1. Looking at Val77, is it within 30 Å of Arg140 (Cα to Cα) and surrounded by 10 or more Cβ atoms within 10 Å (Cβ to Cβ)?
2. Which one of the conditions (1) under 34 Å from the mean Cα position of the chain (by Cα); (2) modelled with pLDDT of 80 or more does Pro37 fail to meet, given that it meets all the rest?
3. List every residue pair whose Cβ atoms lie under 9 Å apart, where the two residues are 6 or more positions apart in sequence or sit on different chains, the first residue falls within segment 11-29 and is free of Cβ contacts under 8 Å to residues at least 12 places away in the same chain, and the second residue, located anywhere, is among the small types (Gly, Ala, Ser) and assigned to a helix (DSSP H, G or I).
4. Among (1) surrounded by 10 or more Cβ atoms within 10 Å (Cβ to Cβ); (2) at pLDDT below 90; (3) of a type in the set (A, V, I, L, M), where does Leu45 come up short?
5. Could you list, in sequence order, all residues of segment 52-66 that are surrounded by 10 or more Cβ atoms within 10 Å (Cβ to Cβ) and either touching a Ser or Thr at 6+ places or on another chain (Cβ under 7 Å) or among the charged types (D, E, K, R) (or both)?
Amino acid sequence: MSKLVINNPGGAHWMQRLSQRGLTFIFWVVFGLLFRPILTLLAWLLGGHFFSEAMVENHGYLLLLDKLWFYLLVIVVISALLIGWASYNLLRFRNNERRNRQPDPVDVTAQAALYGLDQLQVSQLQQQRRMVVEIDDQGRPLLAPT
């Protein structure tokens, strides 16, 4: 038996998916139109009438259109810088994956030398689930399993 379309949306015909998305969009528009008076009241309370006065009545949109080329230039420059930086890092670290590399394991001899203990003591301490570490006056650990 085939999967239900609700569990496998890719199994639906493209016309069904398009009609579902279209209906969803239409209902969101209707929903927004129902709330338009409340949104207009909120905008007016938050100072939207000043925006309307500045942009529509005083032709502020013409100044915005005048400066639009500068905004687009800034967006293009920032995009170019980010793409350039990403490309540089891609070339620099292409064959150097450091995130998944595990550190080399430390052997018992190196640990024994570090702690000033013999290898048998370090091996026994590695088997402990819990231990208390105290430091003496010379900075050497005094390990005692608990």
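1. On the way: within 30 Å of Arg140 (Cα to Cα): no; surrounded by 10 or more Cβ atoms within 10 Å (Cβ to Cβ): yes.
In short, no.
2. (1)
3. From segment 11-29, the pairs are Arg17/Gly10.
4. (1)
5. Glu53
The values are calculated or read from the model by the stated rules, or taken from the named source; none is laboratory data. Just so we're clear, the structure is a prediction, and the values are computed from it rather than from any experiment. Note that we place each Cβ from the backbone using ideal geometry, even for glycine, and neighbour counts take in every protein chain shown.
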